[in-house]
1. Where Rh is the Kirkwood radius over the Cα pairs of the chain, the temperature 4 °C and the viscosity 1.567 mPa s, what D in µm²/s does Stokes-Einstein return?
2. Can you pull out the GluC sites (Glu not before Pro) in region 11-81 whose DSSP state is coil and whose Cβ has at most 16 other Cβ atoms within 10 Å?
3. Under the rule of -39500 (n - 2.57) per DSSP H run of 4 or more residues, summed and divided by the residues of the chain, what mean residue ellipticity at 222 nm is obtained, to the nearest 500 deg cm²/dmol?
4. Please tell me which of these pairs span more than 21 angstrom C-alpha to C-alpha: LYS73/LYS109; LYS73/LYS136; LYS73/LYS144; LYS92/LYS144; LYS60/LYS144?
5. Along Cα→Cβ, 7 Å out, is where each label goes; now give me the distance between the ones at ALA102 and ILE7 in nm to one decimal.
6. As an exercise, identify the trypsin sites (Lys or Arg not before Pro) in region 99-141 lying in DSSP coil whose Cβ has no more than 16 other Cβ atoms within 10 Å.
7. Taking Cα pairs under 8 Å and at least six residues apart, what relative contact order does the chain come out at, in percent?
8. So for region 1-85, considering every pair of alpha-carbon atoms, how many percent are separated by more than 19 Å?
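Computed from the coordinates by the stated procedures, all read-outs in this text should not be read as laboratory data. In this text the structure is predicted, and so the values were computed from the model without any measurement. In this analysis, Cβ positions are derived from the backbone assuming ideal geometry, glycine residues included, and neighbour counts consider all displayed protein chains.
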Amino acid sequence: SQGVDTIVFLSHPMFYDDNVDQELNLFRQTGHKITDTVHELPPSGVDLVVIALADERTQKVPRHVANWVSDSKSVLLAVDPPAHGTPGIPVKYSLVPCLPLAHSPDNGKLFLVNLTIPHKVFTQLSIRYRSPFGPKFVIPLHSKD
């Protein structure tokens, strides 16, 4: 975590699969906190909230979670949000793994992130691919303000 205090909040831990369990086990090695209770989240002093609470089928985020996010007054960054945005949580920035077909203003400024898929994968699939990223790891997909 590079000296940054981090907390992972799980909104519905009973629905996670083995892959998420593996990631959480890795996170536990940092000694940082994992919780599924909003009351264990800090009431203030949060610089950045990373949002990964929704997929395309999510119709709403629990009110107590959305309220905590809103009350935190933090910069909000969504990771691979649904095209319609995270319900009830408009964010400032979003990282997306592929070009979105559509997106909501609730997703804020979009950045395409380089997943660094090895060139060998494309070759094995007979796909001619040239990365648009060059030395960058993100490409802004929004107009400059």
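1. In µm²/s, the coefficient is 75.
2. On the way: sites: GLU23, GLU40, GLU56; in loops: GLU56.
Sites meeting the loop and neighbour criteria: GLU56.
3. Values: 3 runs with 27 residues, N = 145.
Estimated from H runs of four or more residues: -5500 deg cm²/dmol.
4. The pairs that break the limit, which is 21 Å between Cα atoms, are LYS73/LYS136; LYS73/LYS144; LYS60/LYS144.
5. 3.6
6. Sparse-neighbourhood loop trypsin sites (Lys or Arg not before Pro): ARG128, ARG130, LYS136.
7. Value for the chain: 15 percent.
8. So the portion of pairs separated by more than 19 Å is 42 percent.
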